[in-house]
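*Asks:* Here you go, one structure.
The values are calculated or read from the model by the stated rules, or taken from the named source; none is laboratory data. Worth saying up front: this structure is predicted, and the values here are computed from it rather than measured. Here the Cβ positions follow ideal geometry from the backbone for every residue, glycine too, while neighbour counts run over all protein chains shown. Ligands, DNA and RNA are stripped out before the accessible areas are found, and what is left, the full protein with its side chains, is counted by its heavy atoms. Shrake-Rupley method; radii C 1.70, N 1.55, O 1.52, S 1.80 Å.
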Amino acid sequence: MPTASASATAFWATPSTECPASGVRISSPGTSAAMGLRALGLELVNCGTKPYRLDGYPVLRLFDGDGDPIPVRVVDGAKEITSGFDDPPRPLTLRPGERAGAAVLWRNLVTDSTVVATNGERLEVAPAVGVPAQVVGLDGPIDLGNTGRIGVSAWKKRAPDPAPTPTRPDSPVPSRSAPGSPVPLP
């Protein structure tokens, strides 16, 4: 039986910032939950030096607090869970530094009172079938209820992060005067 600290580590593990040998790093920016529908974002970054090709869906494995695999049916898209995430996969190539995203979707729903509800405490994600998986840090459990299914959208290329807006070198710098005081002009 895991200790409370071991269980907490499974949920909130800090993702590695190092680039794995595969040349891609998978992480999660967090979970969104509303009215029983959950969405966990996935981000894959090409942190390597060569182009990386993707075509399809992330491969998911879910584990309980004891580290045992949870038998779960992974649905490509979300047709059995919700609408709007069923765009088919398209081949894409990520240059170094580029990123792709996907969403993991599930409902915290109990459909049979005789079946115990399931919480996933560790998620492993592989970019594709046959490629090594990576543990993705979670911000809480994957609370499946007892549906036994989880959906995943296809990988989709993400726009690059916007570059920070440079400040003009001749723009005035506010003084450290009291609030409401006039700012001296250069």
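*Asks:* Compute the accessible area per residue over the range 53-100, keeping the other protein chains in place, probe 1.4 Å, unit Å².
*Replies:* Accessible area per residue: 60 Å².
*Asks:* Sticking with this one: Under a crude label model (7 Å from the Cα following the beta-carbon direction), how far is residue 55 from residue 83 in nanometres?
*Replies:* Between residue 55 and residue 83, the simple spin-label model gives 3.1 nm.
*Asks:* How about residue 79: which aspartates and glutamates have a C-alpha closer than 17 Å to its C-alpha, ignoring those fewer than 8 places off in the same chain?
*Replies:* 87
*Asks:* Let me check against my output: what whole-number percent is the relative contact order of the range 87-139, with C-alpha pairs under 8 Å and at least 6 apart?
*Replies:* In percent, rounded to a whole number, it is 20.
*Asks:* Moving on to the next point. Between residue 114 and residue 19, what's the calculated FRET efficiency when r is the beta-carbon distance and R0 is 41 Å? Round to 0.05.
*Replies:* After rounding, the FRET efficiency stands at 0.30.
*Asks:* Further, regarding this structure: Using amide H atoms built in the peptide plane, which far-off residues or other-chain residues are under 5 Å from residue 158 H to H?
*Replies:* HN-HN under 5 Å from residue 158: 99, 100, 101.
*Asks:* Also, quick follow-up: Over the range 53-103, with a single point scatterer placed on each C-alpha, what log10 of the ratio I(q)/I(0) does the Debye formula yield at q = 0.14, 0.16, 0.19, 0.25 1/Å?
*Replies:* Debye intensities relative to I(0), on a log10 scale: -0.53, -0.66, -0.82, -1.02.
*Asks:* Amide H to amide H, which residues 5 or more places from residue 65 or on other chains are under 5 Å from it, using H placed in the peptide plane?
*Replies:* Sorted by chain and number, the residues that satisfy this are 121.
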